[in-house]
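Working notes, structure below.
The values are calculated or read from the model by the stated rules, or taken from the named source; none is laboratory data. Bear in mind the structure is a predicted one, so any value in this text is a computation, not a measurement. Virtual Cβ from ideal backbone geometry, glycine too; neighbours counted across all protein chains shown. Accessible surface is based on the protein model in full, side chains and every heavy atom, while ligands, DNA and RNA are left aside. Shrake-Rupley method; radii C 1.70, N 1.55, O 1.52, S 1.80 Å.
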Amino acid sequence: MKTPIYFDHAATTPLDERVFEKMRPFFTNVFGNPNSQHAFGRDAVKAVDEARDTIAKIINAKPNEVYFTAGGTESDNWALRGIASAYKDKGNHIIISPIEHAAMITTAKALEKQGFKIDFMKVDEYGVIDLEHLKSIVTDKTILIGCMLANNEVGTIEPIKEIAKIARSVGALCFTDAVQVCGVLRTDVKELGVDLMSMSSHKIYGPKGVGALYVRNGVKIDSILTGGHQERMKRGGTTNVPGVVGFAEAFRIAEEEREKNFVYVSSLRDRFIERVLKEVPFVKLNGHRTNRLPANADFSFKFIEGESILFSLDLAGIAVSSGSACSSGSLEPSHVLLALGLPEGLAHGSIRFSFGKHNTIEEVDYAVDVIKTAVERLRAMSPLFKAEGEIKYV
Ligand SMILES: *Cc1c(COP(=O)(O)O)cnc(C)c1O
């Protein structure tokens with residue numbers, strides 16, 4: 001088997017060659033600053049305008065509703081902080097889900113220190129938002145409900161349309177982090193009914209450090225990055241021209257090949273899930289069995305630390321994540337799995353496999369074989385397994 005094998009596409013993806021080619025001239029000949037009043041500047045403006053038009057069209061928005069940012073983290077920060085600041089006279093109540101990306105959770109905690117009241121929605125054991133609970137906690141002081149369109153760790157897809165309806169019923173805004181979903185499922189902002197939406201380029205075979213925030217016309221949002229006149233005075237800083245060009249091209253390609261990739265990647269994922277469930281004892285598939293992202297398979301391996309499986313897989317040339325890439329290394333159990341009600345032991349033993357368009361069925365089969373051997377070996381050394389597992393094995 002040719003290694004290394006990359007099964008960590010939810011953390012980032014390789015740059016598509018076609019995207020690289022599209023970006024290339026903007027590193028060299030077409031280097032102008034879009035703010036400059038001369039031919040070099042105009043060429044850059046043209047490229048940025050085209051990129052904005054492309055993205056607006058895909059998400060069914062107007063070009064002036066798309067703001068370029070430095071990625072998903074900035075978009076999440078901006079949505080929360082910018083809305084909190086602009087609507088603080090209306091209310092101080094913000095609701096988010098407990099399984100949001102760290103960019104949201106940490107920002108919400110920062111807002112809490114500034115006097116905003118943050119409440120968390122409830123999720124069921126699959127990570128799906130409990131809409132009845134949400135209805136019971138919204139008030140006329142709620143200014144924003146923020147929930148990801150699909151979870152980056154367990155892949156569960158959320159009922160955003162319904163959440164947006166609940167937000168509208170109390171005059172609150174609805175924000176969704178669609179970073180894992182853009183180019184994977186439909187992200188039509190009108191159909192979803194959302195007021196704000198975060199996007200990022202590097203999860204869809206585009207360059208890192210660039211993304212966008214959709215802000216529906218009519219929604220007030222304060223700036224968090226003050227500076228020059230860029231992005232209609234809302235986000236200072238010279239535009240990352242090669243970045244936005246690459247992002248738009250990556251999004252265009254992802255959208256064009258969306259159905260093909262969906263079918264292919266989910267076939268890899270399904271084979272992987274089926275084999276692991278059948279061939280590895282004491283595993284739990286986290287997230288929803290069917291209502292999940294096509295690329296995602298997240299497993300807890302009972303009696304073993306996720307980190308030790310990760311190391312065994314890494315030794316065999318297979319790259320995966322324990323928990324989400326952002327919290328791994330912290331040795332904290334995943335906040336997502338804890339919110340789903342997993343006991344700490346299982347939340348520690350989780351591994352996320354996220355497949356991509358370049359992976360093959362042979363790689364998937366090789367990974368299952370490696371996992372079987374690694375899990376057996378690690379369990380043989382696990383005192384927990386000796387105490388509990390072996391008895392159940394018989
Ligand atoms: C990766 C990710 C982010 C952060 O995006 P960056 O562009 O890496 O800052 C935010 N939300 C979700 C759901 C993600 O998966």
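Looking only at residues that are of a type in the set (Asp, Glu) and open to solvent by less than 70 Å² (accessible area, probe 1.4 Å) in region 1-17, which one is nearest to the chain's Cα centre (by Cα)? Give the derivation first.
As a first pass, look at region 1-17 and keep what is of a type in the set (Asp, Glu): 8, 16-17.
Those left that are additionally open to solvent by less than 70 Å² (accessible area, probe 1.4 Å): 8, 16.
Values: Asp8: 12, Asp16: 19 Å.
The residue in question is Asp8.
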Close pairs from region 301-319: first free of Cβ contacts under 8 Å to residues at least 12 places away in the same chain and surrounded by 21 or more Cβ atoms within 10 Å (Cβ to Cβ), partner among the acidic types (Asp, Glu) and part of a helix (DSSP H, G or I), Cβ under 6 Å, at least 6 apart: none
Looking only at region 101-110, and only at residues there that are out of contact with any Ser or Thr (no Cβ under 9 Å at 6 or more places or on another chain) and of a type outside the set (Val, Ile, Thr), the one that is least open to solvent (accessible area, probe 1.4 Å): Ala108
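Only one of these is touching a residue at least 60 places away in the same chain (Cβ under 8 Å), more than 16 Å from the ligand (Cβ to nearest atom), surrounded by fewer than 21 Cβ atoms within 10 Å (Cβ to Cβ) and not polar (S, T, N, Q): Phe20, Phe40. Name it.
On the way: Phe40 fails: touching a residue at least 60 places away in the same chain (Cβ under 8 Å).
On inspection, the qualifying residue turns out to be Phe20.
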Residue that is surrounded by the most Cβ atoms within 10 Å (Cβ to Cβ), among those in region 162-178 that are over 22 Å from Asn77 (Cα atoms) and touching a Leu at 6+ places or on another chain (Cβ under 7 Å): Ile166
Residue ID - modelled with the lowest pLDDT, chosen from residues in region 362-387 that are open to solvent by less than 80 Å² (accessible area, probe 1.4 Å) and within 12 Å of Phe303 (Cβ to Cβ): Ala387
